[in-house]
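Notes for the one structure printed next.
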Amino acid sequence: MAENLTFRYAERKDTQLILLFILELARYEKLEQEVVATPEILEEWLFDKQKAEVIFAMLGEKEIGFALFFHNFSTFLGRAGIYLEDLYVLPEYRGRGYGKEILKKLAAIAVERGCGRLEWWCLDWNQSSIDFYLSLGAEPMSDWTVYRIAGDTLHELAAKEQKSE
């Protein structure tokens, strides 16, 4: 393992730190303006409702990276998978194998839990990450397009469903 890297699961007291990692990732992805998460929202969804989990990559007592993930489900496999929402390593710790160690840890969690796969999205412009994922044997899902309904559109669609009842 790269330089004695260890892992720990996030606890409620880590909510602010989780948000800081999310904001760092958003800056890197040039999407900071889209972050509306607050410590209160994260605490509710991560710890009260337990809808996602966070692991920290640790060097000694310092969190140098994080991964936020949750279970999805494959009807074809008939079992859960792990969806990696965010993976981030602090800039000063990049290039040392820590990202690979985080993915290895997530793969181990998936196998331990009997999951059928580990998957994530990657921005098309992020060639260094794409190259990294390909080097691990990850396969791009080129036959699939991601669709999203969010914000006002989500609420409008839900309102239409309520009217049809």
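Looking at the structure I just gave you, is residue 156 in a loop (DSSP other than H, G, I, E, B) and without any contact (Cβ under 8 Å) to a residue 60 or more places away in the chain?
On the way: in a loop (DSSP other than H, G, I, E, B): no; without any contact (Cβ under 8 Å) to a residue 60 or more places away in the chain: yes.
Taking the combined requirement at face value, the residue does not satisfy it.
On the given criteria, is residue 63 in contact with a Phe, Trp or Tyr (Cβ under 8 Å, 6 or more places away or on another chain), modelled with pLDDT of 95 or more, surrounded by 16 or more Cβ atoms within 10 Å (Cβ to Cβ) and within 27 Å of residue 45 (Cα to Cα)? Full working, then the answer.
Details: in contact with a Phe, Trp or Tyr (Cβ under 8 Å, 6 or more places away or on another chain): yes; modelled with pLDDT of 95 or more: yes; surrounded by 16 or more Cβ atoms within 10 Å (Cβ to Cβ): yes; within 27 Å of residue 45 (Cα to Cα): yes.
Against the criterion (in contact with a Phe, Trp or Tyr (Cβ under 8 Å, 6 or more places away or on another chain), modelled with pLDDT of 95 or more, surrounded by 16 or more Cβ atoms within 10 Å (Cβ to Cβ) and within 27 Å of residue 45 (Cα to Cα)), residue 63 qualifies.
Has segment 2-16 got any residue that is over 28 Å from residue 151 (Cβ atoms), at pLDDT below 95 and of a type outside the set (Gly, Ala, Ser)?
yes
Name the residue, out of 53, 43, 24, that is of a type outside the set (Val, Ile, Thr) and closer than 12 Å to residue 88 by Cα.
Values: 53 fails: closer than 12 Å to residue 88 by Cα; 43 fails: closer than 12 Å to residue 88 by Cα.
Checking each option against the conditions leaves just 24.
What residue, of 63, 40, 85, is more than 22 Å from residue 119 (Cα to Cα) and in a strand (DSSP E or B)?
Details: 40 fails: in a strand (DSSP E or B); 85 fails: more than 22 Å from residue 119 (Cα to Cα).
Step by step, each of 63, 40, 85 is checked, and only 63 is more than 22 Å from residue 119 (Cα to Cα) and in a strand (DSSP E or B).
Table: residues versus (1) in contact with a His (Cβ under 6 Å, 6 or more places away or on another chain); (2) closer than 24 Å to residue 52 by Cα; (3) outside any loop (DSSP other than H, G, I, E, B).
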| site | (1), (2), (3) |
| --- | --- |
| 114 | no, yes, no |
| 129 | no, yes, yes |
| 142 | no, no, no |
| 146 | no, yes, no |
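Just name the residue that is surrounded by the most Cβ atoms within 10 Å (Cβ to Cβ) out of those in segment 71-105 that are aromatic (Phe, Trp, Tyr) and more than 24 Å from residue 30 (Cβ to Cβ). Don't jump to the end; show me each part of the working.
So the first thing to find is which residues in segment 71-105 are aromatic (Phe, Trp, Tyr), and the list is 73, 76, 83, 88, 93, 98.
Imposing the further condition that a residue be more than 24 Å from residue 30 (Cβ to Cβ) reduces the set to 73, 76.
Numbers: 73: 12, 76: 6.
Selected residue: 73.
Consider segment 1-36. How many of its residues are more than 14 Å from the chain's Cα centre (by Cα) and small (Gly, Ala, Ser)?
Total satisfying the criteria: 1.
The values are calculated or read from the model by the stated rules, or taken from the named source; none is laboratory data. What you are looking at is a predicted structure, and each value in this text was computed from that prediction instead of being measured. Backbone-built Cβ (ideal geometry, glycine too); neighbour counts: all protein chains shown.
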